[in-house]
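Worksheet for the structure shown next.
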Amino acid sequence: MSNLNKTPSSNRLHISIFGKRNMGKSTLINAITGQNLAIVSDFAGTTTDPIYKAMEILPIGPCVLIDTAGIDDVGALGDLRIKKTMEVVRKTDIALITVDYNGFLEFDYNIIDILKKNNTPFIVVINKADIKKPNSDFLTELETLEYPYINLSAEQKDRMEDMKGLIIQHSPQEFESPSILGDLIESGDHIVLVIPIDTGMPKGRIILPQVQTMRDILDNSGIIHTCKDTELQATLDGLKNPPKLVITDSQAFERVSAIVPDNVLLTSFSILFARYKGDLSKMIDGAKTLMSLENGDKFLVSEACTHHVQKDDIGRYKIPKWIGEKINTGIDFDIVAGREYPENLKDYKLVIHCGGCTLNRKEMLGRIDISYREGVPILNYGLCIAALYGILDRALKPFPEVNEIWKSK
């Protein structure tokens, strides 16, 4: 199996196909992939929910293809389908808008407006060219607006290479997240990773953020030392020189901070991912709001995945418990999990988000933007825990530019 096929979905180019019902979206996705991934039918509205497929498409590389329900769907069920389709926009790196020879209708203009607001590049795919050529006025409109487009029938397999070429040409130059810590370490630096083994740790393996951090250290020629928090002191004592950086699971922040000497940089996997997946400088605003929560306030806990909930779950139990102990017992909270993220946050003073390891960077940044647009600060679990235990100053020291922003608040 190619290593590209093992790329996590969150690190793949997300290509979404939008358009009215019966515009050949599913046929197009099958033609691009060369596989029958999506159901094709002459009946409008065959696709009900977004369909996700992670795969490698040469020469594009590792990507996720998303087939969506028609944006002109009708009725109560249609409204739900449209809502699901619009949620896809937040994670889309590049969109394909399928139309026919008649040109744009109101539905198409609506999705284009939404894509533009989300700074999402798109390509107009004029489908069903085997039936009728697009009218000249429509082609003139596309040229005037400078929208990239291709005129094809999905059955024309020889034009699929042209389609892939357009996707490569118009995709964001840096659709993937930046290096996790490549700018923080140098070749030969020793990095200690503290990974407690508790009930939340999946049996027989470690979690994705820890794996990705390890790989990033190796890619940047760093030297990894891994231990549980109970063996941290022995690990440090066994090193000839102090490590460049210690990275811990956020839940062990308090214990680890007490062991790691003050002259050694310390942060957490979650805080690294606040920068890697999102915008750390914006997220630290949430720490100030967290510490000023009052009786009667409500915060939202947002989890990107739908993992099996443990009795001591970090988002549902531990963080609310710690907030009650260290700030105020009269603070309420709600939970939202999975792909949904509320557009209306008016009931909340704060959003506390997970590390977002299952989200691509585009979607995590979109969630941050929604929160800022609603005037509700957002931070993630690691920043929250560090702030609650009074060690956020130390946890931000590895990031000088962000540390200065935090000190000025």
Original post:
Which of the lysines could a cross-linker bridge to LYS240, judged by Cα under 20 Å and excluding same-chain residues fewer than eight apart?
Top reply: LYS228
Original post:
Using Cα atoms only, what is the angle between the long axis of helix 75-89 and the major principal axis of the chain, expressed in degrees (0 to 90) to the nearest 10?
Top reply: 60 degrees
Original post:
With the contact rule set at Cα under 8 Å and sequence spacing of 6 or more, what percent relative contact order holds for the stretch 201-360?
Top reply: 23 percent
**OP:** Given the options ASP100, ASP113, ASP198, state which has the largest fluctuation in a GNM of the chain using a 10 Å cut-off (strictly under) for Cα springs.
**Re:** ASP198
Subject >> 0 to 90° range, to nearest 10: angle between helix 361-373 axis and the chain longest Cα axis >> reply: 80 degrees
Subject >> Interatomic Cα distance distribution for the stretch 244-353, bins of 10 angstrom, percent >> reply: 12, 39, 39, 10, 1
Original post:
Of all DSSP beta bridges in the chain, what percent run antiparallel (nearest 5)?
Top reply: 15 percent
Subject >> Folded to 0 to 90 degrees: helix 280-291 orientation relative to the chain principal axis, Cα >> reply: 60 degrees
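Values quoted throughout were computed directly from the atomic coordinates according to the rules given, and no laboratory measurement underlies them. Remember, it's a predicted structure, so these values are computed and weren't measured experimentally.
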